Every structure is written in C-alpha cells, then in structure tokens.
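Quick one: structure below, then a few questions.
The values are calculated or read from the model by the stated rules, or taken from the named source; none is laboratory data. Remember, predicted model here, so these are calculated numbers, not experimental data. Note: ideal-geometry Cβ built from the backbone for every residue, glycine included; neighbour counts use all protein chains shown. To get the accessible areas, we keep the full protein, side chains included, count just its heavy atoms, and leave off ligands, DNA and RNA. Shrake-Rupley method; radii C 1.70, N 1.55, O 1.52, S 1.80 Å.
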Amino acid sequence: MPSTQKPMRYGHTEGHTDVCFDDTGSCIVTCGSDGDVRIWENLDDDDPKSINVGEKAFSCALKKGKLITAVSSNTVQIHTFPEGAPDGILTRFTTPANHVTFSPDGTRVAAGSSDFMIKVVEVTDSSKQKTFRGHDAPVLSLSFDPKDVYLASASCDGSVRVWNLADQTCTTSWLVLQKCNDVINAKSICRLAWQPGTGKLLAVPVDKVVELFRRETWDSQFSLSDASITQPLNVVVWSPCGQFLAAGSVDGNIVVWNVETQQCIERMKHEKKYSICGLAWHPKYKQIAYTDTEGNLGLLENIGDVEKPNDKVASAVAKDYNDLFDGDDDDYLNEDMVEPPSSPKTGDNEDDADDLVQPPGHVRRAVIDDDDDNSLDIGLIKASSGLLEKEDDAGDQTGGFSALPPSSTQQPLYDGPMPTPRQKPFQSGSTPVHLMHRFMVWNSVGIIRCYNDEQDNAIDIEFHDTSVHHATHLPNSLSHTMADLSTEAILLACESTEELASKLHCIHFGSWDANKEWTVDMPKDEEIEAICLGQGWAACATTALLVRVFTVGGVQKEIFSLPGPVVSMAGHGEQLMIVYHRGTGFDGDQCLGVQLMELGMKKRQILHGDPLSLTRRSYLVWVGFSAEGTPCYVDSEGIVRMLNRGLGNTWIPVCNTREHCKGKYDHYWVVGVHENPQQLRCIPCKGARFPPTLPRPAVAILPFKLPYCQVATEKGQMEEQYWRSVLFHGHVDYLSKNGYEFDENAKNQAVKEQQELLMKLFALSCKLEREFRCMELADLMTPSVVNLAIKYSSRSRRLNLAQRLSEVAVEKASELAAAAAAAQEDEEEEEEDFRQHSKAGYSSSAANWGQLPGRNVQQDQEEEDDEETDACEEAEETPGVQQEKEPSHFSKGVTSAEVTTPKPALVASSSRGRVNPFKVSSSKKDPVVPSANILDNMTKYSKKTSSSGSRAVNKQNPPVIKPLTPKPKTKQASAASFFQPRTPATNPAEKIVEEREEKAGNEPQEAKVTAQENTENRRPKTGFQMWLEENRANILTDNPDLNEAEVIKEGMSRFRMLTSEERMVWTEKARGGRVSDSAEDKKRKRPTAEEDEVKKSQEQNSEDTNVSKKSKPLDASTNNRLSAFAFKQS
C-alpha cells in the first residue's frame, strides 16, 4: 500500500528542529530554534500546547513523563510531561548540548555537547553522572544500545565511537565521516540509531548511504542506498519492530528500507526540498513524523506493513514488537486509560483512540487483573469505541472478551465531560516565569524585564515617557517573579523560600521624601499570587484567598476574601478588577468570575463575582483597563472583550486578533487598549504566544471591530460604526459622573459622528421604503437631528412619516424636561443627606467651604432681602471676599454635596437678590437663552424647585472639568426657576433687552429695581411664548439646523422686530382677564426706605466694579456660580 504524505505544518521558527513521539504515540513533540517545545495531538491540531524552555532548543527526548531538552544556555533541562512544569537542570556543559537521548529503561539520559564531552546522567539523581572523553570535536549525536551495554556517538572529528557504559571506555571507533570544526559547518548531523530489541545492528548515515555495523564484531555488515538519494543523509530511525529503517537527507528526501531484504519500500520528497533534520517513528503505527530546518512538521502514513509482516521473520518481529511494552504495562494502563476515547477530549492530556490498541496478550491481562484498583474493562471500552472492528487479524482474542466474567472490582464507567485543569495565576503583560530573560510586565507606562542567568540576576525598568521617571536597573537578590508598574510606583513580589516569607516590595518613586521603598512580609504559609497598582494604592492576592490593599506609601488598608483562587488582577485609578476561579470548568472550559471595585472616597463594588465570558475551550491571557479606564480582557482565542457600562455592565467582544494573524500558529500579545483613538496595541508573535526579550519586539496597532452581522453591506457597516462609536465613548459619561476631566470636544465630535451615521441609515431606510425602521432610528436621534429627519421626510414626500416624526420630537422634548426635573430632585436628596452629616461637625458660618472660589460677593451681599438679618449678611460677606483671592484646588470634579448652600430654606425668602447675577451674565457676547422645554416648565413652581435649582447651579464644576452637553440646559433651567415664579406676564425678550442695556450702562438704576419688584407667585404664559408656539414651524422651515435654544433666540429677534402694537396684542392675549392683578403689582412697586438704601449701595458697588466687568467677561460656568452664590446663607 503506498504511503500517504500529509501537508506540512508550521511549527517553529527557521532553524534546526527536532521531533519525537510520547511513549504511547498519542502526541507528537517538537522543539525548535524559537526555544519552544510544542505538543501536537495530531498534525491537524490548530492549537498545540507550547512550553518555552529557553532561547533555543537543539534536541528533545521524552520518556515516562519526563521531557528532556538541550537548550542554548548550555544546560540540559527536565520538564514534566504533559504539564510542562520545570523540573530542574539535569546537567551543564561549557557549550550547548547538540543531542540528548534516553536509555531504553528511561532511567538515564545521554547528552553530547560542542565542548567534545558526553555525559550520562541519572534522571532521578543528577549527581550520579558519567563523563566520556575522547572526541576531538563537537559531538553530533548519541544512541543507547537497547540492551543498555553500549553507547554510540558521532562527532565532527569524523569518527563514530562505541563506548562501554560500565567502564566508560571506547570499545571501537570508525573514521567514516567528513571532518569539520563545528556543528554548523557539518554536512550531516549524523543521527545514528541501534536496532530495537536485539541491538544487533548499528545504523550510521555516511554520506549518501546507511552503513550497518554488526554488534560485537563491529564489522560493516552491509549498506543501504537508493538512486533517489543525491545528497548526504542527515538522520536515520528504526521502526519499533526493528524490521524497517528510514533515513532523511539534506535535500528533503525520505527513504524507507526493509532491512531483511535490503529493498527500498518507500520514497518521499519534501514539497520544498528543505533539509530533513528530525525523524521519529510512531511506537505502534505505520507513521513517521519528520521536521525540516525551516521549522515545519510533516507526517508520513501507511509506511510498509509494520503490524502484519508475512515473511519468514514474522514471528521474530512480533516478538520484538511485544517486547516494546514489557515492563510498562501497569503504568500505561493506569495513566493513559483513565478516560475512555468516547468521552470528550479535555485539556492537554488528551489521548488518541489509538492509545488503546494493545497486543492481545496484554489486553487479556488487563481485563483479568482484579488486584489493580485502576484496571478497566478494555473489552467494554473497545466495544463502545468501535476499536474491535480494527483488529481483523485478532478474531480469536476478541471472541474471548464476551466469555470473560465481569471484574469484581470494576469501576463505574463515566462517559461525560471531564473536569478542566484550572489555569494558574499570571501577571498580565508578562512572559513565563521559567525563562531566563523575560518580561515581568509590559503596559502603557513602561516595561520591566528580568534577567536570571549565571552572570546576572537583575531587573531593568524602562518608561515609555522618560519624563515620568528615568530608566532603572535593580538587583534581583530576592528573586522577584511578579511586577507591576504605574506612573508613581513599581510593585514587586517574590515567592517564599525555606528561610524567607513571601514579600511585597514597593518603590514609590513619586514620593517627595527620601524614603521611597517599603517591604511587607506575608504571614507564614501565605504566598502572593497576583499584584497590581492603582492611583495611590497597591494590592496583592494570596493563596489564603485574601486580597490585601495598601497605600503606595505602605499603609495597610482593607483586607477582603475572594470566593476562589485568584487568576489575575488589574488596577487603574480607583478601579480594581480581580478574576478568580468560581469553580471547576468542564470539557475544556474555565469557570472564572470577576469582581470590579472602586476604592475611592465612596468604596463600592460594581461587579459582584459575575461569570467571565470566555470563548469555548479557551483560557484567560490578559486582563486590564483601557487608557481611559474601561475594563478589558483577552482570551487564548484572541477575542478582546470590553465592559459595556451602557448595557448593565455586560461584556462585548470588540476585536478578534486571530483575524489579523497570517499563520495558524501566530498570535498577538496585547500590551494596551485605547478608546480614543481606537487602538489595540499588541506585539505580533510568529508561531508563539509571547515575544522574546531580544530583539526588542515591535508594537503593532490593530483596529476594533464589533461582530455585527452583514458588515459587508452598507447598512451593516454603518450600524457597526455607530454602536462602536457609542461603546468607545461611553467612558466619557463614566468620567463625568465620577468627576474626572475629559475632552468635551471629543465627546461633541463623537455625538456628531453618531448622529451623522443615524441620518445616513435613516436616508437608506427611506430609500428602501422602510418607514417603520426610520421611526426606530429616530428614537436614537437627538431633537435637532429629528427635525432634520422631518425635513428630509417632507422633501421625500413621506408626509405620514414626517407627521409621526414630529410626534417623536415632542416626546423627546418632554422626556428631556422630565429628566432634568428628576436630576434636580436626586441632587437635592443627596445634598440634604450630606448636610445632615456636615451639621454634626461644622457651624453654619464655617460651612462656607462649599462656596466655589473666584467670585467677588460683596455687591451681591448688599442686595440681600430685608427678611435677612444683618448678622447673616456679615457672616457671609467676609469669607466670600477672602475666597476671591484663593486659587481653585479642584483637580477632580466637585460633587453636589461639596458645593451646596448650608441653609436651603432661606433661598426662597430672597426677593431682590436673584436678578443681579443675571445682570452679570449679560456681559457674555452670546446670552444664554432658555430652551423650549424650559419655557414649558415655567408653569410649575415650588420652594423645593427653587432651592434645588440653586444647588444645581452650585454644582457647576470648575473649568478644569467640563460638564456633559445636557448639563448646561439643566442649569439654565435651574437658574431660570429663580426668577420665573415672580415674573408677571412680561415678554422674556424685553427682559433680555433690558439686561443688555444694563451691561452698556444705558438704563437708569430704577429699571433694575422695577425688574426686581415686578414678580408674583404665578407663572402664566407670556405673549412671546404664545407667539413662538404659532411661529415655530416658520422658523424651522427657514433654519432647519437650529436647536431649541437657537430657535428661541431667533424667535426673540423676530418678536422684537414686531411693532409695539403687535407685541401689545400678544401680551394682552397672554394676560387675558388678569386686570385685577395690576393694582397689586403697582403696590409692590413702591420701594421701602430700606430698599432705597440697598439701591444706593448697589449703585455704588456697580460703579466700583464696572471697569473690571468690562475688561474681563465671565464665562458661563462663572455666571452660574455667581447666580448660585447670591443666595447662600451663612
């Protein structure tokens, strides 16, 4: 039957690559010049397990759960298999070892080095080793005699030697190879091999032939060659039965001979003619795995007739084949047959169904053996998996399974999902701990590298922005394995030893004192597993399921328990995110939970151990925050997820890095996430999951893309762009809510971009005659864009749609008004709660700390109502004047509780002090005009509204922290509520004209007093409001792009252009039958003597401050603070 050659797979980077099978043949193991050992379930394995063993790996060997590798650090290392955990260094050389191999019983390892030496070392006790000296050049390869008597070696000195293992002497040697001075210059790596079983023949690749030397006589028995071999042979390997011999050449040819007949039975050519440098024969099947010098892995199947030889040596071959399993039966059954092949494969310990094919005699032993608690009914397993059908030649044995009685100690067979091993804790942005040169952390602040070799054990810290701190070199005497880096501190942690406890070490380079370092020892038997840094705090999670929080100065703060073992932690600002094991996952899935906390002034928990969404059969590889403070994480399948605060703190996938990988085994190593601009910063890793420290990796920038449907269409593309813009600008709402500084221009630009996309979708839906979809899109639009949609619908002759859209516009206006009122009530409740707490520690006069700086209040104090006492005026005037000179210390947003008046009950009692702040605001070139919904709200009044309005104005933050767009409207409405309750049916336009005239100084002081006194407790509809209601449509038709405030402004301009008779008509319409109120109004116009004094004082103050007002106009936020400050009570 002809052999089958499968397409090759990329396994490692360019360079020498070695390959072997595990004891049962269930997986292929390769190593390469990238320093990785990869474990492949089969050639189609898309995600082989990767174990990094060093900078470069030259050779690997595997037996009895021990993985031996020869690496570039001149060492031979041991790792557990298949876990890949480092298990120590077996031996060292002065130069790298070129080849390692196991003895037949797996108890010893032979290693040959470029320093001409060969060492044979006991696996269990590395102190027991033998050294073989005699070669005059680097050793190329080694092979143990199957009977464990001899060791064969090949060298660059041209010789092949046979050593006696007992007395370490050279038994014989042949000078058959071409001499060279180094492995790199050798024409062949000359991987020689003993015949399995008897060890009768030693096969040595010599140029283009394979020489076979006979045991004991050491004569050349015969040679094998083929016409297809035109270049030197690199490596030879025997089949497990000892009947066939395969050889690979430097030009990519693989030839298989039947040694008994000396006939070539298979020929294969490499698809790209790369040099074959690794060959391994499957221990049970007709397969050969091979590797080339470009790091590729291939598989050749159906080689010869291994299992059913029919010539005269059949009986001897069968005996030799069975001898392979002698001594390993119990271990094999106990370790590899715990899980039946019909159950789902899980984790890295997956075994092929092929593992269960055993020689018949051993199968019978496994079934009958009642003394072994771990024995299983192999017949039952084979029957369930259909393996009995494969054994066509063993009918007599298979027929005996049903006749056997069931085992009395047979364990119940579990055929469900198997538990997934829990992933170990890790630091985001770090590479594996066992590497000698590794990244301890790479984040948006900088890079921390660790070097742990024979020359040095040190830590290098590098900052992306050198203005934060200069680069630092630290000794690593405590063997720190974890690190985190922020703009104010470096946090390190180490594991405990027999003498020392696990330590947390912090270098607070942002400190202003001389002592910048502190260390904390953990309690006994408590290990640090994860650490992170935030703004002003540090935290660590330990094996005691505790999270310990410290200040960056070293003060111990909160301690709390975790529900499960920690996986990773991340910090940003006040936020702390912890990922831990919620339980045991099944079928390859991890079962993780996440907690998100805020450690600021108001400590609270945002996510209460919610399940963490991961791709099927994946694990967590990175967890952190975006530069703007949004939690993110990445799983092993390359899916990046981000917290969507706008949808109840759910997780949404924002990028699939696998879509950008060129090869199946390429990955991206994430180092940072940015929302504005939208960037995923990561490092491309070819054929690996993490980058090497040298050469310095280059950072790539990947775009974000939400997994929406039909993104190839215009509709799907715009929908994805819209929701991505909404998601990636959601952090602005979070920052503003928590009082952080943010870019208001960026927010406005984002809103504009979103509304443009909605309008394009609206137009597309209109084109497709999807009017109901148009209404759904209108729900997402702002009022101004809804007006534009109305105009578009009208011009498109879709009058029914335009009518429905106009109803939507009205609903949106009423919703805005209701939201503003609700926000005011919430602010009032929070403020009153705070006042109740503040009264316990502060007197009323001392509560002026809530006043915002930058305001001269003397002129407003003199205008206080006659209902206030002189003591109240004096108590508030002095601190107010002092505050004028103080700079603003608010670097973070001032909450409503911090800027409110101490006595809200007195606000409503003021009768004249409310107008003057608006006189100041008129100095702004573009006067603030209330929107339509503000005018609609003027029909309601209560003292509660008035007091909450003053607090809403007070809540205006300093210019450092810009408010969101809707907030100014709310504050305008609040400010308007001071005056509207007492304003008669006068025209608002006339009022603004009066204020502008006051700014120019053209109106006498009596007009101000009149404006103050013409108030009453009802808010009827004005003439201008009635006129605007009837003429709004005309204004929108002429100016469709105007928002509500601009519509009112334009309406005022047009209303002023009317004749006085026309304005009077509208005013009379508004007044209706309220003639009787005029007498009461006239009574209120008569000022008292005390009011005359107030007016004189006001005139004097306005003259004193007139120059300063004109020279430095105040911005809107200052105006709001002025209007609020005028009514503070001491």
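Per residue, how much accessible area does the range 145-223 have with a 1.4 Å probe, in Å²?
I get 43 Å² per residue for the range 145-223.
With θ set to phi - 60° and the Karplus curve 6.51 cos²θ - 1.76 cosθ + 1.60, what are the ³J(HN,Hα) couplings of the range 203-220 in order, to the nearest whole Hz, using x for Gly and Pro?
8, 10, x, 10, 6, 9, 10, 10, 8, 10, 9, 7, 5, 6, 7, 6, 8, 6
Further, regarding this structure: Counting only protein heavy atoms and a 1.4 Å probe, tell me what percentage of the range 164-278's accessible area is made up of carbon and sulfur.
Solvent-exposed carbon and sulfur of the range 164-278 make up 44 percent of the total.
Further question on the same structure: Using the Cα centre of the range 563-684 as the reference point, and only Cβ charges (+1 on K/R, -1 on D/E), how large is the resulting charge dipole? Debye, rounded to the nearest 20.
Using Cβ point charges on Lys, Arg, Asp and Glu, the range 563-684 gives about 40 debye.
Among Thr94, Thr30, Thr80, what's the order by accessible area (1.4 angstrom probe), most exposed first?
On the way: Thr94 105, Thr30 0, Thr80 35 Å².
Listed by decreasing accessible area, they come as Thr94, Thr80, Thr30.
Can I ask one more? Using a 1.4 Å probe and counting only protein heavy atoms, arrange Trp174, Trp537 so the residue with the most accessible area comes first.
Trp174, Trp537
Glu811 to Lys752: extension gain in nm, 0.36 nm per residue of separation minus the Cα-Cα distance?
Here the segment from Glu811 to Lys752 would lengthen by 19.1 nm.
Then there is this: Looking at the range 644-749, which GluC sites (Glu not before Pro) are DSSP coil and have at most 15 other C-beta atoms within 10 Å of their C-beta?
On the way: sites: Glu659, Glu675, Glu714, Glu719, Glu720, Glu741, Glu744; in loops: Glu675, Glu741.
Here the GluC sites (Glu not before Pro) that fit, given the DSSP loop and packing criteria, are Glu741.
Still on this structure, I have one more. Tell me, what is the 1.4 Å probe accessible area of His731, in Å² to the nearest 10?
Accessible area of His731: about 10 Å².
Could you list which residues have their amide H under 5 Å from that of Ile118, counting only those 5 or more apart in sequence or on another chain, with H placed in the peptide plane?
Phe132
Hey, can you grab everything whose amide H is under 5 Å from the amide H of Ser141? Only 5+ residues off in sequence or another chain; H modelled, so Pro and N-termini drop out.
Amide H neighbours of Ser141: Ala154.
Here's another thing I want to ask about it. At 1.4 Å probe size, with the rest of the protein present, what percent of the exposed accessible area of the range 662-728 is carbon and sulfur atoms?
Using a 1.4 Å probe with all protein chains present, the range 662-728 comes out at 57 percent carbon and sulfur.
Same structure, new question: Between the range 798-825 and the range 68-108, what is the separation of their alpha carbon centroids in Å?
Cα centroid of the range 798-825 versus Cα centroid of the range 68-108: 74 Å apart.
Cut-off 15 Å, label point 7 angstrom out along Cα-to-Cβ of Ser511: give me the residues of the range 463-492 whose amide nitrogen falls inside.
Hits in the range 463-492 for Ser511 at 15 Å: 488-492.
Exceeding 28 Å between C-alpha atoms, which entries from my cross-link table qualify? They are Lys119/Lys284; Lys56/Lys273; Lys56/Lys119; Lys64/Lys130; Lys49/Lys286; Lys269/Lys664. Before the final figure, lay out the partial values.
Working: Lys119/Lys284 30 Å; Lys56/Lys273 24 Å; Lys56/Lys119 20 Å; Lys64/Lys130 22 Å; Lys49/Lys286 24 Å; Lys269/Lys664 24 Å.
Pairs exceeding 28 Å: Lys119/Lys284.
For the range 501-628, with all protein chains present and a 1.4 Å probe, just round the carbon and sulfur fraction of the accessible area to a whole percent.
Result for the range 501-628: 52 percent of the exposed heavy-atom area is carbon or sulfur.
Leaving ligands and nucleic acids out of the surface, order Ser467, Ser502 by accessible area at 1.4 Å, largest first.
Ranked from most to least accessible, the order is Ser467, Ser502.
Still on this structure, please answer the following. Please give the contour-minus-distance gain from Cys170 to Asp47: 0.36 nm per residue of separation, less the Cα-Cα distance, rounded to one decimal in nm.
Taking 0.36 nm per residue and subtracting the Cα distance, the gain is 39.8 nm.
Further question on the same structure: With labels modelled as points extended 7 Å from the Cα through the Cβ direction, what inter-label distance (nm, one decimal) is found for Gln178 paired with Thr198?
Result for the modelled spin labels: 3.5 nm.
Count the net charge of all other residues whose Cβ sits under 13 Å from the Cβ of Val751, scoring Lys and Arg as +1 and Asp and Glu as -1.
Charge balance in the 13 Å sphere: -3.
While we're on this one: Compute the distance from the alpha-carbon center of the range 623-673 to that of the range 752-790, in whole Å.
31
For Tyr792, what accessible area in Å² do you get when you roll a 1.4 Å probe over the heavy atoms of the protein chains, rounding to the nearest 10?
90
Hey, can you find the accessible area per residue of the range 516-668 for me, probe 1.4 Å, expressed in square angstrom? List each step's numbers first, then the result.
Values: 6080 Å² over 153 residues.
For the range 516-668, the per-residue accessible area is 40 Å².
Let me ask something additional. Express in nm, to one decimal, how much length is gained between Asp136 and Met1064 on full extension, taking 0.36 nm for each residue of separation and deducting their alpha carbon distance.
Gain on stretching Asp136 to Met1064: 322.3 nm.
In 10 Å bins starting at 0, how do the alpha-carbon pair distances of the range 420-502 split up by percent?
Calculated P(r), rounded to whole percents: 17, 47, 28, 7, 0.
Between Thr4 and Asp148, how high is the FRET efficiency from 1/(1 + (r/R0)^6) when r is the Cβ-Cβ distance and R₀ = 45 Å? Nearest 0.05. Show your work: numbers first, answer last.
Numbers: r = 36 Å, r/R0 = 0.79.
The calculated FRET efficiency here is 0.80.
So, one more: Once the whole set of protein chains is in place, how much accessible area is left on Val671, using a 1.4 Å probe, in Å² to the nearest 10?
Looks like 10 Å² after rounding.
Among the listed pairs Lys752/Lys791; Lys752/Lys1021; Lys557/Lys747; Lys747/Lys812; Lys208/Lys662, which are separated by more than 26 Å between their Cα atoms?
Exceeds cut-off: Lys752/Lys1021; Lys557/Lys747; Lys208/Lys662.
Find out how many positive minus negative residues lie around Thr171, taking Lys and Arg as positive, Asp and Glu as negative, among other residues whose Cβ is under 12 Å from that of Thr171.
Counting the neighbours of Thr171, the net charge comes to -1.
Now for a different question. Counting only heavy atoms of protein chains, what accessible area per residue, in Å², does the range 711-829 have with a probe of 1.4 Å? Mind showing how you got there, number by number?
Values: 6430 Å² over 119 residues.
I get 54 Å² per residue for this part.
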